[in-house]
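Only one structure is covered here, and it is reproduced in the block below.
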Amino acid sequence: DGGITQSPKYLFRKEGQNVTLSCEQNLNHDAMYWYRQDPGQGLRLIYYSQIVNDFQKGDIAEGYSVSREKKESFPLTVTSAQKNPTAFYLCASTPLTGPGHYGYTFGSGTRLTVV
Amino acid sequence: AQSVAQPEDQVNVAEGNPLTVKCTYSVSGNPYLFWYVQYPNRGLQFLLKYITGDNLVKGSYGFEAEFNKSQTSFHLKKPSALVSDSALYFCAVRALNSGNTPLVFGKGTRLSVIA
């Protein structure tokens, strides 16, 4: 089945550590996105990529980094510079060409907790 | 700039009664509009979208939404609520002629259907 897979489902980070969240899709989608979800704040865009080896900052990129070396993969690194990383992280993808106008397909999310 | 407002943090409705979850938007030009649903600790699932055409859009699980250009609204509705409809609902928007800019999401409305 085609889909978008996020791993791990739960992740614990110690103070000062960098951690990487995985996002893989086998939908042949062009664009991929990372959102952060906090209670009462909805979804806030961290980074997005519309083509391999290119990505753009979203509204809250500080303390995060990404790469897009393959079309299928868009990992997110939460660095030690992110002072409040505890949140639910969602990855999404969408095609950018074709006859339709598409919404996003979302992964199941990764819950990151600082311990 | 694009924005979405979901004026109600929480909507409570009795099972079998009609439900409405409100959404208003702001974009330059014509909008693409979407509704998504999220169950606990899961990603977002697509419900329905408005691109062009009929103002009443029908989607998954018996949901529908009415596009009102003069009021810049896209309220989600269902004639008869089920307990299983209890979830977090997000409205999202993108301008029709904005290229491939990312969707902007509202803060979400928690729907609670009481048996």
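Read-outs: derived from the displayed coordinates by stated rules, not from any lab. Everything quoted here is computed from the prediction, not taken from an experiment. Here the Cβ positions follow ideal geometry from the backbone for every residue, glycine too, while neighbour counts run over all protein chains shown.
Worth a mention:
- Subset of B:22/B:58; A:14/A:71; B:77/B:107 violating a 24 Å alpha-carbon distance limit: A:14/A:71
- Percent of C-alpha pairs per 10 Å bin in chain B, short distances first: 15, 48, 30, 6, 0.
- Among the residues of A:37-45, the average count of other protein chain beta-carbon atoms within 10 Å of the residue beta-carbon is 5.
- By the count of neighbouring beta-carbon atoms within 10 Å, fewest first, B:9, B:85 end up ordered B:9, B:85.
- Scaled to the globular estimate 2.2 N^0.38 Å, the Cα spread of the protein assembly as shown, given as radius of gyration, is 1.02.
- Reciprocal mean inverse distance between Cα atoms of chain A - Kirkwood radius, Å: 14.2
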